[in-house]
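**Student:** Take a look at the following structure, please.
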Amino acid sequence: MRPAAPTTVVRAALRLSVLVVAVAMTAAGCSGTGSRSSEAQHPAGSVLRVPQDFGSVQKAVDVAREGETVLIGPGVYRESVRVTKPRVVLRGTDRNAVVLDGGMRLANGITLTGAGSVVENLTVHGYLANGVLFTGVTDEKLQQRGAGGSAYDPLDTTRFPAVRGFRATRVTAYNNGLYGIYAFDARDGVIEDSYASGHADSGIYVGQCKPCNTVVRGNTVERNAVGVELTNASDGLSVLGNRVALNRVGVTINSNDLEALAPQHGALIAGNAVVDNNAAGTPQQADGGFGIGIGIGGGTGNLVRRNLVRGNRAAGVVVTDPPGHPASGNRVEGNLATDNGADLVLASADPTNCFAGNRPAVQSPDGLEDRAGCGTRRRGALPGGRTVPVQAPPGVPFSRVPAPRAQPSMPDTTAPGVPATGLPGPVDAATYPLPKSADAVPRPR
């Protein structure tokens, strides 16, 4: 019996059921995509203000030119927004007071297909699919169905090449039906200093990119089914200095054949606090995973280093093989894994996975670091490691997860907007040391 590491088969069924609702609502005239009027006049300067210049966010976006900023004033905006032009910066004047609200009837909050697009300093919640979606999928029907997963299989990378350049900074995403901040078929981006809670799939998702060239850093992700999910996301992908706590599962790194670009390869997970991911009062994960800190399901060539992994009742770090995708070449080293059900678990037969220099109390199988150490030659197959069995509590609807507290806003919302070009820039993982506590996730020195 394999450990209960996250898979994707049943999750696809959850996606499909939620997306069917979204499609039905959209067909009923609730898409809220806004006006495309060509009569709106462009104001002087390169900043378009809502509501001063335009009555809706979409009207301002439609008029914005490449490289311009749409500055949104305080208020609740009950609309879906689509940004198709390149290098547009969408910014709120107050992160907590500028709210896009889907009212549990619209599919996506903000969908960005323009290269170099930016969303910053605002809140998005109450959408049936996604809060913020960066994607190269330009088909509106597919976007309204969630843009990925079971919406189509597999991604047509010729028809929909990855969008190049994206950034989400100081975004609060909560209580959306699938994902909070969703980068799918997108590359060369950054997701930073953001907050995601109350999502029925994952708070932050990066998927179907090769190379990804993306950094996920300095975020707080809590009370989701999964905190951070990486599926078929390969090469140049770094998850650094995040607080991932109180989810059902903390971080998953997956390969699967429901989507394109498998197998997953080459992510770096470093300097994160992944703690207490066995929270009740969270949306139920489709495949039932619960109590796992970091799960590698069929991923290859990943490095898990200098993370605090604590208080996850089934397992701290687990490496396993889903059907058709053996995990291989993964290195788990220099982590503080403690007070988990089993701190380190190896349930993959591939001899190239290795563990070294961690500080765990419980290893499965016994003597794991001695028998599958990095830089050592394994002698024979190891018995399959096991997570500690944990009974997952019933989930709650995503809409009923409590709203988050106020989050830090931008210090100067009058500063010129900076489109997402040349990202992610230099990435020095060494500046993200091992966290000393869950509440003291390190920032770069």
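No lab work stands behind these numbers, since they all come straight from the coordinates. Model, not experiment: these values are computed from the prediction.
**Student:** Working only with C-alpha atoms, what are the Rg and Dmax values of segment 180-279, expressed in angstrom?
**Tutor:** 12.1, 33
**Student:** Working out 0.36 nm times the residue gap between Thr376 and Ala430, then minus their Cα-Cα distance, what length gain in nm do you get to one decimal? Write down the numbers at each step before the final one.
**Tutor:** Numbers: separation 54, 0.36 × 54 = 19.44 nm, distance 2.44 nm.
Extending this stretch completely gives an extra 17.0 nm.
**Student:** In addition: Please give the calculated 222 nm ellipticity per residue for the chain, where each DSSP H segment of at least 4 residues contributes -39500 (n - 2.57) and the sum is spread over every residue; nearest 500 deg cm²/dmol?
**Tutor:** Taking each H run of at least 4 residues, the total per residue is -2000 deg cm²/dmol.
**Student:** Right, something else. Compare Val317, Val98, Val190 in a GNM of the chain, Cα atoms joined below 10 Å, and give the one with the largest fluctuation.
**Tutor:** Val98
**Student:** Compute the angle between helix 9-27 and the longest alpha-carbon principal axis of the chain, please, reported from 0 to 90 degrees and rounded to the nearest 10.
**Tutor:** Result, in degrees: 10.
**Student:** Take the alpha carbon atoms of segment 187-342, find their radius of gyration, then divide it by 2.2 N^0.38 Å using N residues; give the quotient.
**Tutor:** 0.91
**Student:** Classify segment 257-362 as rounded, prolate or oblate, taking a ≥ b ≥ c as the square roots of the eigenvalues of its Cα gyration tensor: rounded when a/c is under 1.5, otherwise prolate if a/b is larger than b/c and oblate if not.
**Tutor:** Here segment 257-362 falls in the oblate category.
**Student:** Just how far, in whole angstrom, is segment 219-292 from segment 321-355 if you go by their alpha carbon centroids?
**Tutor:** One Cα centre to the other: 15 Å.
**Student:** Can you give the extra length, in nm with one decimal, that the chain gains between His42 and Thr338 once fully stretched, where that is 0.36 nm per residue apart less the Cα-Cα distance?
**Tutor:** Once the chain is fully extended between His42 and Thr338, it gains 100.8 nm.
**Student:** Moving on. Go from 0 up to the bin containing the longest alpha carbon distance in segment 9-423, width 10 Å each, and give me the % of pairs per bin.
**Tutor:** 5, 24, 33, 22, 10, 4, 1, 0
**Student:** I would also like to ask the following. Which whole-number percentage describes the relative contact order of the chain, with Cα contacts under 8 Å and a sequence gap of 6 or more?
**Tutor:** 13 percent
**Student:** What shape does segment 366-434 have by the C-alpha gyration tensor, where a ≥ b ≥ c are the square roots of the eigenvalues, rounded means a/c under 1.5, and otherwise prolate means a/b greater than b/c and oblate the rest?
**Tutor:** Verdict is oblate for segment 366-434.
**Student:** Shifting gears a bit: Which residue fluctuates the most in the chain, going by a Gaussian network model with Cα springs under 10 Å, if the choices are Thr111, Thr84, Thr376?
**Tutor:** Thr376
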